[in-house]
Amino acid sequence: MAISMSKNCKCILHDHFGELAETVGYYLSRKSACHLRDIINGTKVPVDRVKKVLSILIQQNLVEFEKNKRGQTEYMLNHDRVMWRNRIPRYIHCGKSLYGDAAELVIEDIVQNGQVTMIDTVENVTDKLNEALENADVSVVYEKFKCLAQTHFLQQCVNPLDPPLKNEMDERDVTSLYTVPPLTSGSKKRKHSVGDSDQPQAKRIKTEPGTQASTDEVYWRINYSRFHQYFRDQMLIKAMSSKIDKRAGDILQTMLRLSEVKSEELALTTSPLAFNEIFHALPKELNISRHTCEQYLNIMADDSMSFVMKVGESGGGMYIVNMMKALETLCQAHIESVVQERFGSKSLRIFRVLLLKKHLEQKQIEELVMIPAKEAKELLYNMFAQNYEVSKTADHAPARTFYLFSVNLEQLARMLLQHALKAHYNAMVKREMETRENRRLMEKQERVDAIIASLEANKAEDVQKEEILQTITPAEKSQLTRIRHMINMLDQSELQLDETIFILETYIQYCEEKQKSKF
């Protein structure tokens, strides 16, 4: 998996930052920690360029550094955050769907800069909104920034030179990462790019006297884990809505929203919620009566997916969301789809029987799935199944040994994750190859489009437009259509694979958390 992850990181770094970042990042991805001298010798890149690349990757939160026992600085690539670069459109869309256009631009600005002060982001977003003739006010953008921070989608950057916290779970220290200082208008001179002197100006903002730090000294970044928590919740809501109906999804969404402040990030189950608390927290526009809400909760608790469980009778009934079971169900659904596509419907029947019965002998499997012995044996040994043996005696003699088949869901999730990473890498390489081989034709099409747009702006005659359009031959048009279709298909494949990777990684993460809780 490490090799597949490194190759994916290499392609992503090339797409986002260019060849030098690809070279330095790929070298770091294969090492645990490196000194500056090691990077220079290993990549054969001049020292000044290596330093520049490292500064950019650090600014983008992709490279971390620390001093070892000898006082030397070591650099490490954060593979996960490099992979998460592909989810930037989802982060931006999340901000828009929750808080509107201003929040969308706030997240976009912070993602582009990696780490940025609040003042710079608020001013940049205000200028963009004013350019779009929305007449935005600085205070409106600031409120959106504040909402994103209060809901933990944004967080302050920790100074790497500060000593580590003695207690990482100190609530006071954690809360300070999401505290937005109060602001007042000021008259501090702003920086402008060339040619924007006629654009509307947003006023510079400064902190009130007496605050602990100036907003110019505090840098902010997006909180990846909070976005992923939101994506996880949306997957559960979507699954519940598909299995029962939209109202059940709305009730589950309310439960998850109430649990955000009561449960830990990787808790296997949420904290118990009373029925009265759930009912009163439901949005009024849903028009769900008390009796209807109670019926839905009972249906959800009795459902085979077991997303919701009833754990008590006080307060009208106590309910929890079983996050571990919910993610296991989603992961199982993905694995089942792979089994069906790769081995067929009969193999899927065997797979489901093994999941249901846990451990079975070959003869038992043949009887339960109602498939002829020869065919069942062939299917069984071609599937993703793990072979366990339970022996009557210590010598493991075949005549006195039972061979049982079972399914290790976590192991299969790791295997499928590795395959998904390889497929994701292949899709990126194929897309890059198609783009590179047809670059001249695509650039020609872009030039023609630009000329046509210029002629339309100048109200040119149709004859002139037709002459420009004829510079692209029918064969070239056909080739461009094929290229666009191919690239769109590859882009769609990357998005779907990233969604699968997200589900599998989240499930594996919860499996590891479950193992820790046993000790």
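The values are calculated or read from the model by the stated rules, or taken from the named source; none is laboratory data. Small disclaimer: the values here were computed from a predicted structure and weren't measured. With ideal geometry, Cβ positions are generated from the backbone for all residues, glycine too; neighbour counts draw on all protein chains shown. The accessibility values were calculated without ligands, DNA or RNA, using every heavy atom of the protein model including side chains. Shrake-Rupley method; radii C 1.70, N 1.55, O 1.52, S 1.80 Å.
Any of K96/K243; K7/K31; K10/K325; K238/K325; K51/K422; K325/K516 with alpha carbons more than 23 Å apart? Name them for me.
K96/K243; K10/K325; K51/K422
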> So which aspartates and glutamates can K310 reach, going by Cα to Cα under 13 Å and dropping same-chain residues fewer than 8 places off?
Replying inline: E294, D302
>> Please list, by residue number, everything in the stretch 399-443 whose backbone N is under 19 Å from a paramagnetic label point 7 Å out along Cα→Cβ of L368.
In response: 402-412
>> Given an 8 Å cut-off on Cα distances and at least 6 residues of separation, report the relative contact order of the chain as a percent.
In response: 10
> Expressed as an acute angle from 0 to 90° and rounded to the nearest 10, what is the orientation of the C-alpha long axis of helix 409-437 relative to the principal long axis of the chain?
Replying inline: 40
>> As a test of reading the structure, rank E432, E131 by solvent-accessible area (1.4 Å probe, protein chains only), most first.
In response: E131, E432
>> Probe radius 1.4 Å, ligands and nucleic acids left out: which of D498, D48 has the largest accessible area, and how do the rest follow?
In response: D48, D498
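Please quote Rg/Rh for the stretch 109-151 to two decimal places, taking the Kirkwood radius as Rh and restricting both calculations to Cα atoms.
My calculation puts Rg/Rh at 0.97.
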>> Between I58 and E446, how high is the FRET efficiency from 1/(1 + (r/R0)^6) when r is the Cβ-Cβ distance and R₀ = 35 Å? Nearest 0.05.
In response: 0.55
>> Can I get the semi-axes of the stretch 245-393's equivalent ellipsoid? Compute them from the C-alpha gyration tensor as square roots of 5 times the eigenvalues, in angstrom, largest first.
In response: 41, 16, 14
> So how far, in whole Å, is the C-alpha centre of the stretch 419-490 from the one of the stretch 66-113?
Replying inline: 31
> Quick one: length gained pulling S406 to A281 fully straight, 0.36 nm per residue minus the C-alpha distance?
Replying inline: 40.7 nm
> Given a Förster distance of 41 angstrom, what is the FRET efficiency for T151 paired with K69, based on the Cβ-Cβ distance and rounded to 0.05?
Replying inline: 0.55
> Going by alpha carbons, how many degrees (0 to 90, nearest 10) lie between the helix axis of 101-113 and the longest principal axis of the chain?
Replying inline: 90
>> Could you compute how fast the chain diffuses translationally, taking Rh as the Kirkwood radius over C-alpha pairs and applying Stokes-Einstein at 37 °C with viscosity 0.692 mPa s? Give it in µm² per second.
In response: 119
>> Given the whole protein assembly as supplied and a 1.4 Å probe, what does the accessible area of F231 come to in Å², nearest 10?
In response: 20
>> I want to verify the translational diffusion coefficient of the stretch 410-519 in µm²/s; compute it with Stokes-Einstein, Rh as the Kirkwood radius over Cα pairs, at 37 °C and 0.692 mPa s.
In response: 186
> Roughly how compact is the stretch 1-116, stated as its Cα Rg over 2.2 N^0.38 Å to two decimals?
Replying inline: 1.16
>> Ordering H228, H424, H93, H359 by accessible area with a probe of 1.4 Å, largest first, what comes out?
In response: H93, H359, H228, H424
> Going by alpha carbons, how many degrees (0 to 90, nearest 10) lie between the helix axis of 47-59 and the longest principal axis of the chain?
Replying inline: 70
